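Notes to accompany the following structure.
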Amino acid sequence: MKITLPVIAINFKTYSESVGKKGLKIAKAAEEISNDTGICIIIAPQHTDIQLIASQVEVPVFAQHIDPFTAGSHTGYILPEAVAEAGAVGTLINHSEHRLILADIDEAIRRAKEAKLKTIACSNNPEVSASICALSPDFCAYEPPDLIGTGISVSTAKPEVVTKAVELMQKINPRVIPLCGAGISTGEDVTAAIKLNTRGVLLASGVVKAKDPKAVLQEMAEAAQKTL
Ligand code: G3P
């Protein structure tokens, strides 16, 4: 399944509003809006919902994490091949809420590539963004942890830091596609992120915990469409 730019990636996290059938409802809304606007919308459900969602909607489904292991005697971990088999086409790596050491980020990216998964590697500041880009993920999403879940958008509250992160990412590895996230809640936040030379956003509560997730997502996708 092709991922086009700009991209809106929705991290379902472990919110009660996005688990199971409730997550499928958001995913179906994302599919309808993506078809309507032509904007690529990635969905990252909990691992137990990957198969449910990937089998019923035509949007790119990502895992929220994979472990840098190969098949064998490991217990309670998630293999890249297992999420690919369930229908995922990519995975987040090193989200601030599931942080890894650099060596494990490197191995997770390598293992994801072996399983033909696209990778959105997350970073918490511009310097970490640069370090992660040296490991050649497909995307790097800069997300200041202090803004995650606040509704205060990184693209309007910290534009200068987004600019610095994107510049460092491109300097280290221009093949990595820069994203940003944290507090993204409106179409205006999406427009601002793209104007700061990112190629899209990674978000969660702005859509998942909205009174009307579909309406918010429609507004965001239309804003992204206007930047084309
Ligand atoms: O992965 C995206 C997430 O960390 C951002 O959270 O709720 O501020 O959109 P939120």
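Listed here are the residues, each with its yes/no results for (1) over 28 Å from LYS116 (Cβ atoms); (2) touching a Leu at 6+ places or on another chain (Cβ under 8 Å); (3) open to solvent by 30 Å² or more (accessible area, probe 1.4 Å); (4) of a type in the set (Asp, Glu).
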site	(1), (2), (3), (4)
ASP146	yes, no, yes, yes
PRO174	no, no, yes, no
GLY200	no, yes, no, no
VAL208	no, no, no, no
LYS211	yes, no, yes, no
ALA215	yes, no, yes, no
GLN218	yes, no, yes, no
ALA224	no, no, no, no
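Have a look at ILE3, ILE26, ILE33 and point out the one that is out of contact with any Ser or Thr (no Cβ under 9 Å at 6 or more places or on another chain), assigned to a helix (DSSP H, G or I) and crowded, with 16+ Cβ neighbours inside 10 Å.
Selected residue: ILE33, the only one of ILE3, ILE26, ILE33 that is out of contact with any Ser or Thr (no Cβ under 9 Å at 6 or more places or on another chain), assigned to a helix (DSSP H, G or I) and crowded, with 16+ Cβ neighbours inside 10 Å.
Which of the residues spanning the range 157-174 are in a helix (DSSP H, G or I) and within 13 Å of the ligand (Cβ to nearest atom)?
Matches in the range 157-174: ALA157 only.
State all residues of the range 46-64 that are under 24 Å from ARG199 (Cα atoms) and in contact with a Ser or Thr (Cβ under 7 Å, 6 or more places away or on another chain); if no residue qualifies, say none.
If the condition is that a residue be under 24 Å from ARG199 (Cα atoms) and in contact with a Ser or Thr (Cβ under 7 Å, 6 or more places away or on another chain), then VAL59, PHE62, ALA63 are the ones that fit.
Kindly indicate whether any position in the range 188-204 is more than 12 Å from the ligand (Cβ to nearest atom), in a loop (DSSP other than H, G, I, E, B) and charged (D, E, K, R).
yes
If you take the residues in the range 61-97 that are among the small types (Gly, Ala, Ser) and within 16 Å of the chain's Cα centre (by Cα), which one is farthest from the ligand (Cβ to nearest atom)?
My answer is ALA88.
Picking from ALA215, ALA157, ALA204, which residue would you name as being over 23 Å from LEU102 (Cα atoms) and without any contact (Cβ under 8 Å) to a residue 12 or more places away in the chain?
Result: ALA215 is the single residue among ALA215, ALA157, ALA204 that is over 23 Å from LEU102 (Cα atoms) and without any contact (Cβ under 8 Å) to a residue 12 or more places away in the chain.
The values are calculated or read from the model by the stated rules, or taken from the named source; none is laboratory data. Quick caveat, the model's predicted, so the values are computed rather than measured. Note that each Cβ is placed from the backbone with ideal geometry, even for glycine, and that neighbours are counted across all protein chains shown. When the accessible area is computed, the model is the full protein with side chains, heavy atoms only, and any ligands, DNA or RNA have been set aside. Shrake-Rupley method; radii C 1.70, N 1.55, O 1.52, S 1.80 Å.
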